[in-house]
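These notes are about the structure you will find just below.
Each reported figure results from applying straightforward, stated rules to the coordinates on display, with no laboratory input. None of the values given here were measured: they were computed from a predicted structure. In this analysis, Cβ positions are derived from the backbone assuming ideal geometry, glycine residues included, and neighbour counts consider all displayed protein chains.
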């Protein structure tokens, strides 16, 4: 009788563990997060630009490009794409007054690369 009780309790415990393990939700690495990634925050300058002195200023919830044609993104959110690539989306309040997307690649703590949705194969290097 005690063997049957132990076997029943053990099988019920295993079934309960298997049931709760199947109900847990997996972590989604490709979800959108609010703000800007900490690796991309700060002031980044274009080393090749000696005329306009272009720079990018990334804060906790915005991205600003200061150049001959400025670009602003407010209320930013980002998605990590893997291999240090980020897709950043935000509201552009000056020209289009709609949502725009920019792509960032974190190279190291001194360099990042950017492009926008119109030039996927042309990356601009920025230094801190």
Label-point separation in nm, residue 43 to residue 109, each point 7 Å along Cα→Cβ: 1.9 nm
Near-label residues of region 79-109 by backbone N, under 12 Å of a point 7 Å along Cα→Cβ of residue 125: 107-108
Rg to Rh, two decimals, where region 34-128 supplies the alpha carbon set and Rh follows Kirkwood: 0.93
Between region 31-46 and region 61-122, the Cα center-to-center distance that results, in Å: 9 Å
